[in-house]
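Note sheet for the following structure.
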Amino acid sequence: MGKFILFLIFVFGLTAAPRIDSPRKLERQIKTIRADNVSWRKIAWKSCLLEGLSEARKTGKPLILWCYIDRPIDDTRC
């Protein structure tokens, strides 16, 4: 096993730890690839179901309910 690891180090070389950019540099990089005019960002999202239902009734628009449960796909408890 030890020889195999040495072989991998020899073949692929030792790599330095990944470079961590400053938060400002990362923010600039994100801004360059982020689309500015995206429709879903213009929606006044509600985190309360009751507020969303009230808004949907007032405006006559449909309600979209997004649920996320952090469970494996094969979990049979739900």
> Between residue 19 and residue 66, what FRET efficiency comes out of the Förster formula 1/(1 + (r/R0)^6) with R0 = 30 Å and r the beta carbon distance, rounded to 0.05?
Replying inline: 0.25
>> What is the sum of charges, Lys and Arg at +1 and Asp and Glu at -1, for the other residues whose Cβ falls under 15 Å from the Cβ of residue 57?
In response: +1
>> Test of understanding: what is the full-extension gain from residue 26 to residue 44, defined as 0.36 nm times their sequence separation minus their Cα-Cα distance?
In response: 3.8 nm
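Rule-based calculations on the coordinates, nothing more; no lab input. Values in this document were obtained by computation on a predicted structure and should not be read as measured data. Heads up, the Cβs are rebuilt from the backbone with ideal geometry, glycines too, and the neighbour counts pull from every protein chain shown.
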